[in-house]
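Since the structure comes first, as C-alpha cells, the remarks are kept for the end.
The values are calculated or read from the model by the stated rules, or taken from the named source; none is laboratory data. This one's a predicted model, so the numbers in the text were calculated from it and none came from an experiment. FYI the Cβ positions are ideal-geometry reconstructions off the backbone, even for glycines, and counts take in every protein chain you see. For the accessible areas, the whole protein counts, side chains as well, though only heavy atoms, and no ligand, DNA or RNA atoms are used. Shrake-Rupley method; radii C 1.70, N 1.55, O 1.52, S 1.80 Å.
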Amino acid sequence: MEDMESFMQPLKSETPFGEVSEFHEAFAALYPRLVSYARRYGATFPEDIAQEAFVILMQRIEPVEHPTAFLYGTVRTLSLTERRPMKNQNLSLEIVLEPGKGPEADDDLLHREVRERMKTLSPTFREALWLFVVEGLSIKEIAEILSIPEATVKTRIFRAKAQLREQLNPGGEHALA
Amino acid sequence: MPSLDTNRIQELEEDCALRSELQGLLGVPEQGFFSAEVTPELVALAEELRHEANRRRRVARRPQPTWLLLAAGLPLAFALVGLGTWGIQQKHRADALAQAVEAKNSEVQRTAAQAAQDRQSLSELKLAVLEKQPLKRRTGSRPAELVIPVEHPAATQLGQTEQVKAVGR
C-alpha cells in the first residue's frame, strides 16, 4: 500500500534532491555530516535531530530552493531548541570543538592541529568558517542557515582568516584578501 | 563537498580560492573526510524517513475535525439567525397590531361615551321641550279618529264603514 502510494506520486516532486536514487546518495553524504553538526551544538540525540531535519524537508509541500542549506538550518535550530528551549536562540556555534563538549566520535576525523586552530578563533567567526571550509557550503547557503546577510558571512570569514594568519605569523604582515 | 542538489548555487571562483586558502591555513584536507558510501543501512533509513514524511504530509492535508464541525454548524447558525430575525420581525408586527387595537378600542369607547352623552342630552332636551309645549299643541290640530270596521249582515256591502266620534270629544 505504501509502495503504491509512493508510486502514485509524481516523480519530479518525489524528493527535494530529485529521483529516489539521488536522494539516497544525498542522504548518505549529508546524514553523517548533519549528525556531526548537531553533536557539535551539544545535542543529546543528534541522530534524531538529523533524521527529523530530513523528514521536515521532505514533508514540505512547497519545494525548497536549497535543500542542503535548509537541512543545516533545521539541524541548527532543532539542536539549539533542544539545548536551551526557553533561552535566546541567537547564538553562534560556540561549543564547536570546545573541550568536553565537542564530538568525541569525530575527533579522529579532524587533525588535532585543525581543532586547536579553530578553538582559538572567536565563536562568531568559527561558525561561519566551519560551514564554509569544513562543510563546504557556499556563502549564500551559510547566510541562509545563520539568517544573516551574505556580506556579514563574508566579513566573518575574512576576519577568521585574519585571525588564523595572525596565529601562524604573530606580529607579521597581515595578508587580508 | 560534492554537489548534492541540482539547484545548488554555483560558487564564484574567488570563493573557491578562498576556501582552498583557508583549508590550507587550517590543515583541512580538500576532499570531504566523511564517507559518502551508500550503504544498505543508510538506504533503509532514508526510505523509512521518506515514508514518514509522506505519512505526515497526508495527515497534515487531512481536514481537521474543528473545520468539519464548523462547516457542519454553519447552516445551523444561519438557520438560527434567520429564525431569530423572523421572530423579532413578528414581535414588532404583533406589537404594532396590539397598539392599533388598543387605539381602536379607546376610540370606540370614546365614541360610545360621546354617543351616550349625546343621547342623554337629547332626551333631556326633548323632555324640556315637551314640558314647555301646551297640551293642545301636543295632541295636534287634526282630530284623532278611530275607524272600527263593523260587521254587517251578508247583504251589507264590503267597505261600508261607520264613522264614530272619538271618545272624549
Top-ranked residue of the stretch A:43-57 - restricted to ones that are open to solvent by less than 10 Å² (accessible area, probe 1.4 Å) and within 9 Å of chain B (Cβ to nearest Cβ), ranked as farthest from A:E127 (Cα to Cα): A:V55
Qualifying residue in the stretch A:75-93 (condition: of a type in the set (V, I, T), surrounded by fewer than 21 Cβ atoms within 10 Å (Cβ to Cβ) and modelled with pLDDT of 90 or more): yes
Selection from the stretch A:45-82 of residues that are part of a helix (DSSP H, G or I) and among the charged types (D, E, K, R): A:E47, A:D48, A:E52, A:R76, A:E82
Matching entry among A:I148, A:I157, A:I142 (being modelled with pLDDT of 90 or more and in a loop (DSSP other than H, G, I, E, B)): A:I148
Flag if A:L168 is out of contact with any Gly (no Cβ under 9 Å at 6 or more places or on another chain) and either open to solvent by less than 10 Å² (accessible area, probe 1.4 Å) or of a type in the set (S, T, N, Q) (or both): no
Criterion (closer than 30 Å to A:K119 by Cα and either at pLDDT 80 or above or open to solvent by less than 50 Å² (accessible area, probe 1.4 Å) (or both)) met by exactly one of B:A17, B:A71, B:A44: B:A17
Failed condition for B:L4, given (1) modelled with pLDDT under 90; (2) more than 7 Å from every other protein chain (Cβ to nearest Cβ): (2)
Verdict on A:L137 being away from chain B (no Cβ under 11 Å) and under 17 Å from A:L34 (Cβ atoms): no
